[in-house]
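> Below: one structure in structure tokens.
The values are calculated or read from the model by the stated rules, or taken from the named source; none is laboratory data. All values reported here derive from a predicted model rather than from experimental measurement. Positions of Cβ are backbone-derived with ideal geometry, glycine not excepted, and every protein chain shown enters the neighbour counts.
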Amino acid sequence: MDISRILAALAHPARLEILRQLCGCGCACCGQMKDLTGLAQSTTSQHLRVLLEAGLIERRPAGTASQYRLSADAADLLRQTGEAIVDLAPSTSMTDGQTEPESAME
């Protein structure tokens, strides 16, 4: 799992919207995603490519078009990415309702 690639894929609002739309509708072609996001088809295609490369969506041929859907691993990839981010955070303790780094409390 390439966390930086997944974070980069999630860093753009249009890609987040595409993921939201695919969560709701199951699968869609680039033209449908273009209509839902209001972006040009070429821009939508670029965003879909980034999501594909991150492993968050899958593409399957459907005649002359391609259908996109969330990958079978999308939920696990997102969970693992979230856990990796949490692991980067310093440990904190609660004192009087405020958090301080552990080193500050020594």
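> Show the residue pairs meeting these rules: Cβ distance below 7 Å; 6+ apart or different chains; first residue within the range 1-17 and closer than 16 Å to Thr37 by Cα and free of Cβ contacts under 8 Å to residues at least 40 places away in the same chain; second residue buried (at least 16 other Cβ atoms within 10 Å of the Cβ) and small (Gly, Ala, Ser).
Arg15/Ala9
> Being at pLDDT below 95, among the hydroxyl-bearing types (Ser, Thr, Tyr) and farther than 20 Å from Arg79 by Cβ narrows it down to one residue among Ser45, Ser4; which is it?
Of Ser45, Ser4, the one residue that is at pLDDT below 95, among the hydroxyl-bearing types (Ser, Thr, Tyr) and farther than 20 Å from Arg79 by Cβ is Ser45.
> Which residues, counting only those in the range 1-44, are among the hydroxyl-bearing types (Ser, Thr, Tyr) and within 15 Å of Ala65 (Cα to Cα)?
Ser42, Thr44
> Go through the range 38-68 residue by residue and tally those that are among the β-branched types (Val, Ile, Thr) and either in contact with a Cys (Cβ under 8 Å, 6 or more places away or on another chain) or surrounded by fewer than 18 Cβ atoms within 10 Å (Cβ to Cβ) (or both).
3
> Quick check on my filter: what residues within the range 26-72 are closer than 20 Å to Leu7 by Cβ and assigned to a helix (DSSP H, G or I)?
Matches in the range 26-72: Gln46, His47, Leu48, Arg49, Val50, Leu51, Leu52, Glu53.
> Hey, does the range 13-20 have a residue that's assigned to a strand (DSSP E or B), surrounded by 12 or more Cβ atoms within 10 Å (Cβ to Cβ), on the phi < 0 side of the Ramachandran plot and at pLDDT 90 or above?
Looking for residues that are assigned to a strand (DSSP E or B), surrounded by 12 or more Cβ atoms within 10 Å (Cβ to Cβ), on the phi < 0 side of the Ramachandran plot and at pLDDT 90 or above, one finds none in the range 13-20, hence no.
> Taking the residues in the range 32-75 that are of a type in the set (D, E, K, R) and out of contact with any strand residue (DSSP E or B) (no Cβ under 7 Å at 6 or more places or on another chain) as candidates, determine which candidate is farthest from Arg15 (Cα to Cα).
Across the range 32-75, the extreme among qualifying residues is Asp73.
> Would you point out the residue of the range 69-98, among those that are surrounded by 11 or more Cβ atoms within 10 Å (Cβ to Cβ) and at pLDDT below 80, that is farthest from Cys30 (Cα to Cα)?
Ranking the candidates gives Ser93 first.
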